[in-house]
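Every read-out reported here was derived from the displayed coordinates using simple, explicitly stated rules and does not represent laboratory data. Quick caveat, the model's predicted, so the values are computed rather than measured. Positions of Cβ are backbone-derived with ideal geometry, glycine not excepted, and every protein chain shown enters the neighbour counts.
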Amino acid sequence: MLIMLLSNFIKEEKVISKEDLKPKMKKLGLKGQRWLKGIHIFLCSLWLGAGISITLLGFTKCYIPDGDMLYAVHECIKIIDYFVIIPASNAVLITGIIFSLLTNWGFFKYKWILVKWLFILGQILIGTCLLGPWQSKAMAVVREHGAQALQNDMYLYNIQMMNYVGLLQFILLVIVVFISVFKPWGKRKKVTNKTSKTESA
């Protein structure tokens, strides 16, 4: 009987010690979460508005006969990209990380949060690795050839890819917004299994 009591006591101690060893970060209160959520939504709105502006400007390039106007459109796209999209997208990423760390949502608990992370990181990488270089090459052609750039195959390829990929980015960003609103798919299986095990223990 004494041995059974001791074994039960040791098991309980092991469970407690495992929980105690886990680092517990202080979570945000309700007011802090509201402020952070408001900032996050504001930054997403900036990113979304700038994205549709660049997309619309991109589709007007082929209808501009004047070289100076064409270069001005590219300059506007560059300014919106450098001073709105890049800061806003990075700030969305940072506030998202803070939200996952300092609230109970976490990074990988829910499928919809995981999908959001994949979409946002993918969009930032696409903008950095594809859209940025295409924009720089297109501007260089317009700077050198003016309106004649519209007859240049490399320029036409660059602006076509910018238009289509930019439109895809905008659509993905809209999808991310609606995923945040509806929160579909629920928890991941591994997380639900872990929670059920801890509850049964």
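What to note about this one:
- Test: residue in segment 104-126 that is among the hydroxyl-bearing types (Ser, Thr, Tyr) and surrounded by fewer than 17 Cβ atoms within 10 Å (Cβ to Cβ): no
- Filtered by the rule that a residue be within 14 Å of MET139 (Cα to Cα), within 27 Å of the chain's Cα centre (by Cα) and surrounded by fewer than 14 Cβ atoms within 10 Å (Cβ to Cβ), segment 52-88 gives GLU75, CYS76, ILE79.
- Residue within segment 117-133 that is part of a helix (DSSP H, G or I) and on the phi > 0 side of the Ramachandran plot present: no
- Given (1) surrounded by fewer than 16 Cβ atoms within 10 Å (Cβ to Cβ); (2) closer than 18 Å to CYS62 by Cβ; (3) out of contact with any Lys or Arg (no Cβ under 8 Å at 6 or more places or on another chain), number of the condition MET154 does not satisfy: (3)
- Pairs where the first residue, in segment 90-103, is of a type in the set (A, V, I, L, M) and the second is surrounded by fewer than 15 Cβ atoms within 10 Å (Cβ to Cβ) and assigned to a helix (DSSP H, G or I), C-beta under 8 Å, 6+ apart: LEU93/LEU121; LEU102/GLY32
- Positions within segment 89-121 being within 10 Å of the chain's Cα centre (by Cα) and farther than 23 Å from LYS26 by Cα, in sequence order: SER89, ASN90, VAL115, LYS116, LEU118, PHE119, ILE120, LEU121
- Residue ID - farthest from the chain's Cα centre (by Cα), chosen from residues in segment 28-51 that are surrounded by 12 or more Cβ atoms within 10 Å (Cβ to Cβ) and among the small types (Gly, Ala, Ser): GLY32
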